[in-house]
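Just below is one structure, and these are the notes that go with it.
The values are calculated or read from the model by the stated rules, or taken from the named source; none is laboratory data. Worth saying up front: this structure is predicted, and the values here are computed from it rather than measured. Using ideal geometry, Cβ is built from the backbone for each residue, glycine included, and neighbour counts are taken over all protein chains shown.
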Amino acid sequence: MGRVRALYDRWAIAFNRTRVAPGRTVANPRPDGGLELPWRHRWDHLPKRSAGFGYSDQDYRRARERAEQVAALTLGPTLWRRAQREGFLDLPSARYSGITYRLRVGQRIEVLAGPGVRPPWRHPYLCINPSYPLPEAEFFAHLYLYVRDREDEVIRVAAPQPWDQALGRTF
């Protein structure tokens, strides 16, 4: 029985389960109190534009402040200030000549075609949501890097949409 319980405890830690067994707890092996592993959870049950149940106004404020720091460090202060000032950053496509991706914080990617250029999609917006809830500024920085460095992956996963709207899993 001791071996089974030890295996179960290791499974619970590996899969980030908080309840190991009724009445039992497992010591956290991480010295910082725990590493967030959001990709190991399902997020379909959450309301849109939410980080999850139990998030306080202070939690949202802190998360958004950290996200602004992440965005500034990822993009560099000049690009981040431009994105905040203008409300978007334009990235030319490396794959399609004459196509520009307009990235906006918290919104879908807008696909802009130059004069005389036929867009690669029927619809002018590409929808990509994060797998788990993230602050808008942080996801914007991730998206910038993906469009710049891994455009083929963006093209593979993006859903062309006829209208613009706020992203569902950002807050």
>> Just the residues that are under 13 Å from Tyr144 (Cα atoms) and among the charged types (D, E, K, R), please, taken from the stretch 76-102.
In response: Asp90, Arg102
> Conditions: (1) surrounded by 14 or more Cβ atoms within 10 Å (Cβ to Cβ); (2) touching a residue at least 40 places away in the same chain (Cβ under 8 Å). Tyr96 meets all but one. Number of the miss?
Replying inline: (2)
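Can you confirm whether Ser97 is in a loop (DSSP other than H, G, I, E, B), polar (S, T, N, Q) and modelled with pLDDT of 95 or more?
So Ser97 passes the test.
Would you check which residues across the stretch 141-171 are in contact with an Asp or Glu (Cβ under 8 Å, 6 or more places away or on another chain) and assigned to a loop (DSSP other than H, G, I, E, B) and list them? Explain how you work it out, then say what you get.
Keep residues of the stretch 141-171 that are in contact with an Asp or Glu (Cβ under 8 Å, 6 or more places away or on another chain), which gives 146, 164, 167, 170-171.
Matches in the stretch 141-171: Asp164, Leu167, Phe171.
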> Listed residues Arg30, Arg24; which is farther than 26 Å from Arg150 by Cα, at pLDDT below 95, outside the structural domain of His142 (by TED's automatic domain parsing) and surrounded by 10 or more Cβ atoms within 10 Å (Cβ to Cβ)?
Replying inline: Arg24
> Checking Arg102 against (1) touching a residue at least 24 places away in the same chain (Cβ under 8 Å); (2) assigned to a strand (DSSP E or B); (3) within 25 Å of Gln69 (Cα to Cα), which test does it fail?
Replying inline: (1)
